[in-house]
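Enquirer: Got a structure for you, written out below as structure tokens; questions coming shortly.
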Amino acid sequence: MEDEPLDEWAARRAQRRPTPGERRAVPLGEQPERAAHVAPAEPRGIQEWNGQEWAPAGVAEDHHAAAAETGADAASRAERAALPKFNKLPPAPEPWRPTHEWHRP
């Protein structure tokens, strides 16, 4: 296994981290964070990244209102996500072939 230089790792990590002032919507209550389509009518909390942690910034009535509040930030977050390199996949294995002929009885 080859070690990655620290400056390359730090640049890759900085690219994935949110920028200060970026916002996200999270469900309110005790339930864990879920996908937006699970309960779109429930209220959402708006959190803002202050450089160290996600801090509360407001409340939205439902998913639609939260998406209007955080839409541009969600799009920029999606653009920063690293996609897998598809040219690095291993070659497909050869199909299995029986070792001797088989005839249906």
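The values are calculated or read from the model by the stated rules, or taken from the named source; none is laboratory data. From a predicted model like this one, the values you see are computed outputs, not experimental measurements. With ideal geometry, Cβ positions are generated from the backbone for all residues, glycine too; neighbour counts draw on all protein chains shown. Side chains included, ligands, DNA and RNA excluded: accessible areas come from the protein's heavy atoms. Shrake-Rupley method; radii C 1.70, N 1.55, O 1.52, S 1.80 Å.
Enquirer: In region 8-105, which chymotrypsin sites (Phe, Trp or Tyr not before Pro) fall in coil by DSSP and have 16 or fewer other Cβ atoms within 10 Å?
Expert: On the way: sites: W9, W49, W54, F86, W96, W102; in loops: W96, W102.
Taking region 8-105 and a limit of 16 other Cβ atoms within 10 Å, the loop chymotrypsin sites (Phe, Trp or Tyr not before Pro) found are W96, W102.
Enquirer: Under 8 Å for C-alpha pairs, at least 6 residues apart: give me the relative contact order for the chain, rounded to a whole percent. Write out the running numbers ahead of the final one.
Expert: Working: 99 pairs, mean separation 23.1, N = 105.
Worked out over the chain, it gives 22 percent.
Enquirer: Can you give the accessible area per residue of the chain, in Å², using a 1.4 Å probe? Kindly include the intermediate steps, with their values, before the conclusion.
Expert: Numbers: 9080 Å² over 105 residues.
Result: 87 Å² per residue.
Enquirer: May I pose another question? Looking only at GluC sites (Glu not before Pro) in DSSP loops with at most 16 other Cβ atoms within 10 Å, what is the longest site-free stretch of the chain? Let's see the in-between values first.
Expert: Details: sites that count: E2, E30, E33, E53, E61, E101.
Longest gap between qualifying sites, sites excluded: 62-100.
Enquirer: Rg and Dmax of the chain, Cα atoms, in Å?
Expert: Both quantities, over Cα of the chain: 23.1, 73 Å.
Enquirer: So, with a 1.4 angstrom probe, what is the percent of accessible area on the chain that is carbon and sulfur? Working shown, then result.
Expert: Details: 5090 of 9080 Å².
The C+S portion of the solvent-accessible surface of the chain is 56 percent.
Enquirer: Now, a different point. Just how large is the dipole of the chain about the Cα centre, in debye to the nearest 20, putting +1 at every Lys and Arg Cβ and -1 at every Asp and Glu Cβ?
Expert: Details: 14 positive and 18 negative charges, 83 e Å.
Roughly 400 debye, rounded to the nearest 20.
Enquirer: Now a separate question. Modelled label-to-label distance, R77 and V26, 7 Å Cα→beta-carbon offset: nm?
Expert: 1.0
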